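One structure below.
The values are calculated or read from the model by the stated rules, or taken from the named source; none is laboratory data. These figures come from a predicted structure and were not determined experimentally. FYI the Cβ positions are ideal-geometry reconstructions off the backbone, even for glycines, and counts take in every protein chain you see.
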């Protein structure tokens, strides 16, 4: 067998092992996704519920929440679900299958990038194991939301970029714009940066051959962004920085905490503002050592690192620049962490695979040198060292109870959903229960408000949600029945759903997201603490339409009589 054939076989074996790892981790997530009938990923409840209209256009009619999330859903992302729905596959089912497919595609492209930057197949294997582990330590991939597509899309972009395949670069940029718009900003900025080649003496030299790709990618990517910009503008304006500062929803305890009085925490580890992404496994951080390792003479295998590897540094720098830009124009580019968390995860995984391979090679070379003068340094020891590092790489996820971190939510309220499914398609349910987050997905019926849907970004939408929530809190806890009847008539409520413990003070105190809705929240809490009886409680027995161990559903026509 020729050397070329042997190399191809070796590459094929390592790639097959990588795909096996990706599919195995994906299968762990898949098993959780289908463990019971009513299971949905946390964030999928926002993006997928309205897509049931692709199967039945009559569901969720005239629904403010469905219309809003439809408007902010990228066109390309929705088109994927729409296309698959034509084959009678429910959007909820597709959202559970997509993660394993996206993980496999990301692995293929990621392995190809590693092989291009550093033609040692074992490095690609290590890198993709780390990437897959990191992906499943977070719920980005399992969400099947637009951010789940970041990994295959950006790795595909980098793959075509380092191989100088212009058409592939342009196509992936357009797909990014259609599926996850923030990503296209990183891609175009990276293409712009690559218009110049930086020499060792730090004098840039313009590269005209890259100008055509940049022009086409920027133009077509910009055009692909237009439908998203027009659609989301339906609920404009976007909250300004000054308005955001006054909104409790964006402070600790709010629906989307961004601001933090602790400046170190705000800039370093803040969920939406911090520069340090919480990446696992720990080995992925070995990638930080790559720039230092290639400058050392102690690592002979480092000479195989190709010039194209500079794209890793460029990606990290571009992401960092957009991170600070997002801070500067608060919420206009969405949260700053969107520009570092995903790309740095990919860059660090690839760099870590290269670092660990170079380091292991240097260690084995040192062992071989010692073996010439020390008999106890045998082949067995070298195998043991490699085996120990391999075990550390592969077994870390088994040590964590959080792996895989799918964030799937299972509900035991099957009877409730079956009851609601028997009601007219245009039924509207008013509730402060957490079941509001599940009803549009599982029962395909509209809710007046819900925590998952209370996004405080587009004021044209959120002002309506805020007003609804304020009125709902007052109506549910007022000793007078008038506010409740006013809500029913104003919004056309058909059912009022109550948790069985809804009228004890602790119930409201445990719903931190409601604390943003002042003064209604404080008035309701104080009323309960003072022992005042909400008027709604007097109607429960007479107006009950459905009851389970956890909830009671009241018929609004009875409440309003």
Exercise. Hey, which of the strands (runs of 3 or more DSSP E) in segment 452-561, taking only ones fully inside, have at least 3 residues that are touching a residue at least 24 places away in the same chain (Cβ under 8 Å)?
Worked result: 495-499, 551-555
Seminar exercise, completed: With the first residue restricted to segment 145-169 and required to be under 15 Å from residue 308 (Cα atoms), and the second required to be outside any helix (DSSP H, G or I), Cβ contacts under 9 Å at 6 or more apart or on different chains are 159/165; 161/194; 162/306
Exercise. What number of residues within segment 26-41 satisfy the criterion of being modelled with pLDDT under 90 and either in contact with a strand residue (DSSP E or B) (Cβ under 6 Å, 6 or more places away or on another chain) or assigned to a helix (DSSP H, G or I) (or both)?
Worked result: 1
For this session: Would you point out which residue out of 435, 471 is closer than 22 Å to residue 247 by Cα and modelled with pLDDT of 90 or more?
Result: 471
Exercise. From the list 528, 508, 497, which residue is under 29 Å from residue 415 (Cβ atoms), assigned by TED's automatic domain parsing to the domain that holds residue 427 and touching a strand residue (DSSP E or B) at 6+ places or on another chain (Cβ under 9 Å)?
Worked result: 497
For this session: Test residue 20 against the criterion of being in the same structural domain as residue 102 (by TED's automatic domain parsing), modelled with pLDDT of 90 or more and within 20 Å of the chain's Cα centre (by Cα), and give yes or no.
Result: no
Problem set entry | Within segment 228-247, tally of residues that are assigned to a helix (DSSP H, G or I) and more than 22 Å from the chain's Cα centre (by Cα) | 10
For this session: Being more than 21 Å from the chain's Cα centre (by Cα), over 21 Å from residue 20 (Cα atoms), outside the structural domain of residue 435 (by TED's automatic domain parsing) and buried (at least 20 other Cβ atoms within 10 Å of the Cβ) narrows it down to one of 118, 49, 111, so name that one.
Result: 118
Seminar exercise, completed: Exactly one of 178, 155, 191 is assigned by TED's automatic domain parsing to the domain that holds residue 47, closer than 22 Å to residue 47 by Cα and assigned to a helix (DSSP H, G or I), and that one is 178
Exercise. Just one of the numbered conditions (1) in a helix (DSSP H, G or I); (2) out of contact with any strand residue (DSSP E or B) (no Cβ under 9 Å at 6 or more places or on another chain) is not true of residue 140; which one?
Worked result: (1)
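For every residue, the table says whether it meets (1) under 21 Å from residue 450 (Cβ atoms); (2) at pLDDT 95 or above; (3) loosely packed, with under 15 Cβ neighbours inside 10 Å; (4) touching a helix residue (DSSP H, G or I) at 6+ places or on another chain (Cβ under 8 Å).
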residue	(1), (2), (3), (4)
53	yes, no, no, yes
60	yes, no, no, yes
70	yes, no, no, yes
74	no, no, no, yes
85	no, no, no, yes
88	no, no, yes, no
91	yes, no, no, yes
Exercise. Do we have residue 276 as in contact with a helix residue (DSSP H, G or I) (Cβ under 9 Å, 6 or more places away or on another chain) and within 19 Å of residue 158 (Cβ to Cβ) here?
Worked result: no
For this session: Return only the number of the condition from (1) surrounded by fewer than 20 Cβ atoms within 10 Å (Cβ to Cβ); (2) closer than 22 Å to residue 239 by Cβ that residue 450 does not satisfy.
Result: (1)
For this session: Would you be able to say whether some residue in segment 361-379 is at negative phi, part of a helix (DSSP H, G or I), within 32 Å of the chain's Cα centre (by Cα) and at pLDDT 70 or above?
Result: no
